[in-house]
Amino acid sequence: MLDGAALFLDFDGTLVPLADTPDAVHVDDDLLSMLVRLRDRLDGRLAIVSGRSIATLRDLGFGDFLMSGTHGLEFAHPGEDVKAPPRLPAIDAVEAAFNDFVADKPGLLVERKSISVGLHFRGAPIWGEAAGALADLLARDHGLALQHGKMLYELRPGGADKGSALTALMQEAPMAGGIPVFIGDDVTDEEGFAAAAHLGGAGILVGTPRPTLASFSLEQVAAVRHYLMEGAAG
């Protein structure tokens, strides 16, 4: 399926298992070297498309890859500056409100990103409903987009998603001319699946089966690794 593909890869829950906290993930050298081989076999047509900021992805070792971060708001080619809108004062206001909310609630975590902010409740699911209500209120008050994730609420500027990221990247080298294949695990990847299908490609859902726009599935991160290794080997 990867022959002729323009391959778009989510990060958390796709290339690495989900962790209790965002900074607990581990990217091993074998993964990075395999992705380099796969990218070269695809004539460069491999991109990381993530909710993480590009700065974080680069810190994790992905600096040599084409990337879109923060749900389609950021773009960067290897060795080039990140193209992204400025951080809005509203994001700082939301971050302060999130920090006030978690101050007396152990297990909650505020994740500061370059142009967005997330509220994680994986460590304290009992607060999930209250966290969602707060995120919804702040999104409406500040005119921001509310992004739902796995045990996460993220507030960010609107106007982009992983589908728009795929569509934009498919219009330029090196992705142009390939058949788009988007691999992801979260509801935030559904727009990517839809965009890939619209452009004649397909989505691949990772993890537990659920209603999805993806046409194919892989059961877990280990299966993704095996699939990509086979593609890298040709």
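The values are calculated or read from the model by the stated rules, or taken from the named source; none is laboratory data. A quick note: this is a predicted structure, and the numbers were derived from the prediction, not measured. Neighbour counts run over all protein chains shown; Cβ positions are idealised from the backbone, glycine included.
Residues in the stretch 149-179 that are within 12 Å of the chain's Cα centre (by Cα) and either farther than 18 Å from Glu190 by Cα or at pLDDT below 95 (or both) were compared, and the one that is surrounded by the fewest Cβ atoms within 10 Å (Cβ to Cβ) is Lys150.
The sole residue among Ala93, Ala84 that is in contact with an Asp or Glu (Cβ under 6 Å, 6 or more places away or on another chain) and under 13 Å from Ile115 (Cα atoms) is Ala84.
Residues in the stretch 208-226 that are outside any strand (DSSP E or B) and either more than 18 Å from Asp186 (Cβ to Cβ) or not hydroxyl-bearing (Ser, Thr, Tyr) (or both): 13 in all. Filtered by the rule that a residue be in a loop (DSSP other than H, G, I, E, B), more than 15 Å from Leu108 (Cα to Cα) and either in contact with a Ser or Thr (Cβ under 9 Å, 6 or more places away or on another chain) or basic (Lys, Arg) (or both), the stretch 142-161 gives Leu144, Pro157, Ala160, Asp161.
Which of the residues that make up the stretch 36-66 are on the phi > 0 side of the Ramachandran plot and outside any helix (DSSP H, G or I)?
Going residue by residue through the stretch 36-66, those that are on the phi > 0 side of the Ramachandran plot are 43-44, 61.
Correct list: Asp43, Gly44.
Considering only residues of the stretch 1-41 that are out of contact with any strand residue (DSSP E or B) (no Cβ under 9 Å at 6 or more places or on another chain) and under 14 Å from Val224 (Cα atoms), which is surrounded by the fewest Cβ atoms within 10 Å (Cβ to Cβ)? Here the answer is Asp30. With respect to the conditions (1) part of a loop (DSSP other than H, G, I, E, B); (2) outside the structural domain of Leu169 (by the TED database); (3) touching a strand residue (DSSP E or B) at 6+ places or on another chain (Cβ under 7 Å), Asn99 falls short on a single one, namely (1). Exactly one residue out of Met175, Met229 is farther than 20 Å from Pro17 by Cα and either outside any strand (DSSP E or B) or free of Cβ contacts under 8 Å to residues at least 60 places away in the same chain (or both): that is Met175.
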